[in-house]
Amino acid sequence: MTHWCVVQTHTQSEDKAAFHLKRQGYTVFLPKYLKRRKHARRIDWVPSPMFPRYLFVAMDPEAGNWWSIHSTIGVSNLISFDGRPALVPSEIIDEIMARQDDKGLVKAHAGCAFKPGDRVKIIDGPLNDLEGLFESLTDKERVTILLNLMGREVKVRVPLETVFACA
C-alpha cells in the first residue's frame with residue numbers, strides 16, 4: 001500500500017531532489033508558496049518550498065525498493081524511525097494539496113486576521129514603524145489603516161504583508 005513519506009534534502013536542493021526522484025518513478029510532492037524577498041530596495045515574490053529541505057514521496061514502505069532514495073542526487077536522508085520510513089497521514093497531504101492554486105502554489109493563509117480597531121504596526125515602506133488602527137481589507141492584497149500623523153487622523157492603504165499586530 002502506498003503512503004506518503006518525508007525526504008530531507010540538501011540545502012536548497014529541493015527541486016533537484018524532486019526532479020531526480022521523479023526520474024526514478026516516484027510520485028513527489030514539493031509544496032511551494034510565494035515568499036517575499038527584499039533585496040537592494042526591491043521587493044519581489046518568489047516561489048519557495050513551504051518546508052525548506054523537505055519534500056514528500058509516495059511509496060510502499062513494505063517494498064524494499066525505497067533504499068534507492070538515499071543515494072538520489074539532492075537527497076540527504078529519508079526520515080525513518082527504527083529503520084522504517086516515517087509515514088505522513090494522507091489527510092495532511094490532502095489538506096496542503098487542497099490549498100494549492102492553479103499555479104500549484106499553496107495559499108499560506110486564508111484572508112486577513114485583523115478586525116476593525118485592532119492596533120497594528122507597519123513594518124516596511126515609507127510608513128515603516130508607524131502604528132495605527134486597522135480599518136478594513138480593501139482587496140486581497142491591501143488594507144486600510146488609520147494613522148495619527150501630525151495631529152490628524154489619516155487613512156492610508158498599504159500591502160497586507162507589511163502590517164503586523166502590535167504586541
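The values are calculated or read from the model by the stated rules, or taken from the named source; none is laboratory data. None of these values were measured; they are calculated from a predicted model. For neighbour counting, all protein chains shown are included, and Cβ atoms are generated from backbone atoms with ideal geometry for every residue, glycine included.
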Discussion item. If I filter region 122-161 down to residues being among the small types (Gly, Ala, Ser) and modelled with pLDDT of 85 or more, which single residue comes out as nearest to the chain's Cα centre (by Cα)?
Written reply: 136
Worksheet, complete the sentence: Residue set 96, 123, 73; condition in contact with a helix residue (DSSP H, G or I) (Cβ under 9 Å, 6 or more places away or on another chain), surrounded by 14 or more Cβ atoms within 10 Å (Cβ to Cβ) and among the aliphatic types (A, V, I, L, M); output residue 123
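Considering only residues that are part of a helix (DSSP H, G or I) and free of Cβ contacts under 8 Å to residues at least 40 places away in the same chain, which ones fall in region 47-67?
Initially, region 47-67 is screened for residues part of a helix (DSSP H, G or I), giving 64-67.
Residues satisfying the conditions are 64, 65, 67.
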Practice prompt. Quick one: residue 52 ticks every box in (1) surrounded by 13 or more Cβ atoms within 10 Å (Cβ to Cβ); (2) touching a helix residue (DSSP H, G or I) at 6+ places or on another chain (Cβ under 9 Å) except a single one, so which number is it?
Written response: (1)
Item to complete: For residues that are touching a residue at least 60 places away in the same chain (Cβ under 8 Å) and not aromatic (Phe, Trp, Tyr), tally how many sit in region 1-36.
Response: 14
Worksheet item: Is it true that residue 138 is surrounded by fewer than 16 Cβ atoms within 10 Å (Cβ to Cβ) and free of Cβ contacts under 8 Å to residues at least 24 places away in the same chain?
Response: yes
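Can you name every residue in region 4-27 that is assigned to a strand (DSSP E or B), surrounded by fewer than 18 Cβ atoms within 10 Å (Cβ to Cβ) and not hydroxyl-bearing (Ser, Thr, Tyr)?
Listed by number, the residues that qualify are 6, 8.
Using the structure shown, decide if residue 34 is within 21 Å of residue 97 (Cα to Cα) and assigned to a strand (DSSP E or B).
So residue 34 passes the test.
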Item to complete: Working carefully through the options 70, 39, find the one that is free of Cβ contacts under 8 Å to residues at least 12 places away in the same chain and in contact with a strand residue (DSSP E or B) (Cβ under 7 Å, 6 or more places away or on another chain).
Response: 70
Worksheet entry | Candidate set from region 28-49 (those that are among the aliphatic types (A, V, I, L, M) and surrounded by 12 or more Cβ atoms within 10 Å (Cβ to Cβ)); member that is nearest to the chain's Cα centre (by Cα) | 34
